[in-house]
Each structure stands twice: as C-alpha cells, then as structure tokens.
Amino acid sequence: MGSESHQLHILFFPFMARGHMIPMIDMAKMFAMRGCKSTLIAMSNDEPTFLKSVAKPKDLGFEIDVVTVTLPLKEVGLPEDCDNINKATMMDMRKQFMSAVMMLDRQLELLIEKLAPDCLISDMFYPWTTEIAAKCGIPRLVFHGTSAFSMAGTECVRLYEPHKKVSCDSEPFDIPNFPGEITLSRMQLPDFVREETEFTKFYNVMKESENRSFGVIMNSFYELEPVYAEHYRTFLGRRSWFVGPFSLCNKEIEDKAHRGNQASIDQHECLQWLDSKQPNSVIYICFGSMADFNAAQLHEIAVGLEESGQQFIWVVKKAPNVEEGKEEWLPDGYESRIRNKGLIIRGWAPQVLILDHEAIGGFVTHCGWNSTLEAVTAGVPMVTWPVAAEQFYNEKLVTQVLKIGVNIGVKQWVSMFGDSVKSERVEEAVKRVLVGEEAEEMRRRAKALAEMARGAVEEGGSSWSDLGALIKELRLHRLAHNKKI
Ligand code: UDP
C-alpha cells in the first residue's frame, strides 16, 4: 500500500439516517483507498446496502468491512423495522429512536475490544462515544456532515445568542463574530435554538463532547470556504481536517447509481432520458431523504414547473393519502402534458448520477449538506429551499458567499414538512437559475468550484494532503500509545 504502510485501522460509526450514512460509507472507502483498513458499523437491516456499497473497493483489494449492531427497539417501544430515523415519521418516534441509540454503548465497547481499531470516527449524534473511545485508549473524531460555514455559524449563534436580542421572530440579526455580515432571523433557527427543549441539552452535550474529542472531520474542501475553515479552526479553536468531497470517490456509473438506497428508476433509462436533452437545459428537484411536503405543496411545485416551461426531473417521495391510481397532488392530465419535458421519479433517485450529467442546468434543493456539496462538485447552480436542520446556513453560503444560487424565499424553519411556497415563486426561481445572464454567471462560478473540488481530492490537492496529514497524526498517536505498528 505504498508509502503509507503500517496499516491503520479505523472504525466508522454512522448515524442511522441516509444523509449521515451515505457520506460515512464514502469516507470509509476513501480511507481504505489511502491504505487504511476501514470497518463500518451498520444496523442488521442496512447490512446488505452497506455491503453493496463497499463491494467494488473490496473486489479491488482495499480493506473494507461491515459489522453489525442491534438497536434495542423493542425496549423503547418502537416496531422492529424502525432501525433508521427516516422510518421514524413522528416526533415522538424520533425521541424513542434516540433513546435506543444511546443504549448502543455496550455493544460499541465490545466491538472496539474485539476489533482493536486505532481510531473511532463517529457521528455527531453519538457524544457518548468520546468517553468509550477514551476508555478503550483510542481517539475519537467527530463527523457532522456539514460545512465549516454552518459549523462556525451555528456555534457563534449558540455562544453569543443574537436571537435573544431582537424584538420579534422576523427581525433580522447579523451572526456575531462571524465573517461576511451574514443575516438570519429567529424564524430560520432550529426550534431547539429558539427555545429550550430537551434536544437543546443534548445539543450542548454534543458540542462539549466535540471539544474533548481528537477533532472534527469535514466533508468539505478548503478552497470552497477558506475564510470559514480558518474561522472554525482559529477563532473557535476546533482541530479539523477538510478531506472532501467524499462523493468523488465514486467514479463509475455503477458506484454513483447505488448510493444510500435502491434507485426507483433504472439508471440506464434515466441516463437515456438525460442524453436526449441539451446541455444545461434540465432542472433537477429533490429534497433529500428526510424533508417531506404535503399534497398542497407538491401541487404548487407541479404547477410551477409546468408554467416555467423548462424541462425537469422531479423526485417525489410518495405523498400521503395516495389512493390506488390517484395522487391528489398531481394536476389532472399532468403527466401526459409534460410527457417529453418532465420525468417524475417516485421514491429514490440516483442523485449524483443525475447531477453529474451535462443536461442538468440547475438543482432545486433543500440545502442538506450532501446535496449542496454534490451540486458544487457537479458545477450546478441551485435554487435554495431550506427546510430544517442547518439548511438555512447552507442557503446563505450558496447564495451570498459562493453566489451560485438563488433563494426561493422560504422564511421559516419547519422540522420535516417545510414552509409553503407558491407556484409562481417556483416558476420564477427555476427560470432564473436555468436561463439568462444571471444563470450563466452562476454556472460559470459553479463550474470553477467543481474544478477546484476535483483538484482538492487529487494527489497533492488540499483534501488529499489534509487526509494524509490526519493519517500521519493518527499513526503518531498510536505510536505514542505504544501500540504495535
Ligand atoms: N439522495 C439520493 N436520492 C434521493 C434522495 C437523496 O441519492 O432520491 C442522496 C443525496 O445524493 C445525498 C443524500 O441522499 O447524498 C441526502 O443528504 P442531504 O444531506 O442532502 O439531505 P438529508 O437527507 O440529510 O436531509
């Protein structure tokens, strides 16, 4: 395995949500491709998906394995198949789910004892793993799966509480001690930041555990957000390594087509459809794995897309209240009218495969970080439609800092279901990002960033070097702790 011999063994523990699992699987592949041994922890139900994702690097001789743990779902009153937060559709179920997750501590400890890894990389939702790793004598790195911009922005809001100094929810405030005069309103902050909830305490525990950890591993690249990477490292004092975009480890069509879930469309059919379109002429609409919209909102999107006159691929998670053969969100005769213009994928799309196609000229996104970075990596400008989590921060990065997107005008953070947007705004934003001078300018900037992203992960690039530096540091740590190499 070249100059990086003395194989380092990393244990990866992703949170059970598609948006967390997908990048961690890619990260495990990346480490394996740099000569480390990677072991991924999966829930039993997800084991086949994990195995499928790592089959190719394994065949190529890279050391990558999957082991399983079992969530004590029965003990917390959840059905046995609810082993992924995407399946916990109600808030109460999510609380139960998080209780079950906290009960995985002993299983993790036993795994570390058995596998004897040199380092644990675990999700931000597992603050308790810092102590377990310390007890077992190995370092823990935290994986948040978001940008330095949002990591630093959320931390400045948490520390300086500007939202407590405004008179109403809609009054804008600047994020204090944060570069770039970035403005938010209280409405755009998560509910647990706006007011103290049970989750607020947990959030603070997560942040404290991060301070005690070895550092933070970022799915981002330095050139994308240098000011914020520095701010996060120096002003906020976080040791961090920028080693992304992880998705770039998927080079072949097959790799891109099978990320996270079985796609609901045949990849060849999808590519054939895209091949028949002109470059930059299709808008792609998808809101990640968690956000859901009601029938009325889906209807507005359908009308807006049709009125825009643009070609589109629209991913719709099956809406509630779908009767046999009838979908209440779909205008009458819609699919026959849009026949050659639009493609609706019901379920799961091969997103990276689609974004990377030259026919895609824009992406309407909820600004989940994976989707945002995948668009950057593909050089595709965005229409930003944030819903929950840290997505309002990512929107600011895209529209105000990178200037590769237009916002659709969402004002309110709403967990899971999203603030409502009228069809006219969909129509206008889609046209703005696809056609005209402003679109050309955004596309030019997005393509330049895409080039930088590819350069970052190539040998000698910033992410390549940062990953090399991290591997070296972990080796030294192992040496210092008298482990055999
Ligand atoms: N994704 C996909 N097909 C879909 C929906 C999502 O491949 O139909 C992938 C997408 O490429 C990304 C991840 O799922 O890697 C979603 O992560 P993101 O951070 O964007 O959003 P989240 O699902 O966490 O809200």
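What follows draws every value from the coordinates through simple rules; no lab data is involved. Model, not experiment: these values are computed from the prediction. Here the Cβ positions follow ideal geometry from the backbone for every residue, glycine too, while neighbour counts run over all protein chains shown.
Determine the gain in length on full extension of the stretch Arg337-Glu75; use 0.36 nm per residue of separation and subtract their C-alpha separation, reporting nm with one decimal.
Using 0.36 nm per residue and subtracting the Cα-Cα distance, I get 89.2 nm.
On the first, second and third principal axes, largest extent first, how far apart are the outermost C-alpha atoms of region 431-485 in Å?
Taking the Cα atoms of region 431-485, the three principal extents are 62, 19, 10 Å.
I'd like to compare 30-41, 421-432, 253-264, 157-168: which one has the highest average count of other Cβ atoms within 10 Å, and what's the full order after that?
30-41, 421-432, 253-264, 157-168
Under 23 Å from the Cα of Lys58, which lysines turn up, not counting those fewer than eight places away in the same chain?
Cα-Cα hits under 23 Å: Lys29, Lys37, Lys114, Lys251, Lys256.
Which FRET efficiency value, to the nearest 0.05, do you get for Asp275 and Thr183 by plugging their Cβ-Cβ distance into 1/(1 + (r/R0)^6) with R0 = 45 Å?
Once the sixth-power term is evaluated, E becomes 0.60.
Give me the base-10 log of I(q)/I(0) for region 264-320 at each q in 0.13, 0.21, 0.28 Å⁻¹, Debye formula, one uniform scatterer per Cα, rounded to two decimals.
-0.40, -0.95, -1.21
Ratio of Rg to Rh for region 347-422, alpha carbon only, Kirkwood?
A ratio of 0.96.
About the Cα centre of the chain, how large is the charge dipole given +1 on each Lys and Arg Cβ and -1 on each Asp and Glu Cβ? Please answer in debye to the nearest 20.
With only Lys, Arg, Asp and Glu charged at Cβ, the dipole is about 1140 debye.
Just to confirm the number: angle between the C-alpha axis of helix 91-102 and the first principal axis of the chain, 0 to 90 degrees, nearest 10?
20 degrees
Can you give me the three principal axis dimensions of region 219-318 from its C-alpha atoms, in Å, biggest first?
Extents along the principal axes: 48, 35, 27 Å.
Starting from the Cα-Cα distance between Asp169 and Phe199, subtract it from 0.36 nm times their residue separation and give me the gain in nm to one decimal.
8.8 nm
Once the other residues with Cβ under 14 Å from the Cβ of Glu307 are scored (Lys, Arg +1; Asp, Glu -1), what is the net sum?
Net local charge, Glu307 excluded: +1.
Quick check: net charge around Ile10, other residues with Cβ under 9 Å of its Cβ, Lys/Arg +1 and Asp/Glu -1?
Local net charge: 0.
D for the chain, whole µm²/s, Stokes-Einstein with Kirkwood Rh over alpha-carbon pairs at 37 °C and 0.692 mPa s: what number?
142 µm²/s
Quick one: Asp191, Asp292, fewest Cβ neighbours within 10 Å first, how do they rank?
Going from least to most buried by this count: Asp191, Asp292.
Largest first and in whole Å, give the semi-axes of region 81-164's equivalent ellipsoid, each being the square root of 5 times a Cα gyration tensor eigenvalue.
Calculated on Cα positions only, the semi-axes equal 27, 21, 11 Å.
P(r) tail for region 272-376, what percent of Cα pairs lie past 24 Å?
20 percent
Report the semi-axes of the equivalent ellipsoid for region 131-178 in whole Å, largest first, where each axis is √(5λ) for an eigenvalue λ of the Cα gyration tensor.
33, 12, 8
Work out how much length Glu458 to Leu476 would gain on full extension: take 0.36 nm times their residue separation and subtract the Cα-Cα distance, in nm to one decimal.
Value of the extension gain: 4.1 nm.
When the convex hull of the Cα atoms of region 11-169 is projected onto a plane and the area is averaged over all directions, what value comes out in nm²?
Projected over every direction and averaged, the Cα hull of region 11-169 covers 11.4 nm².
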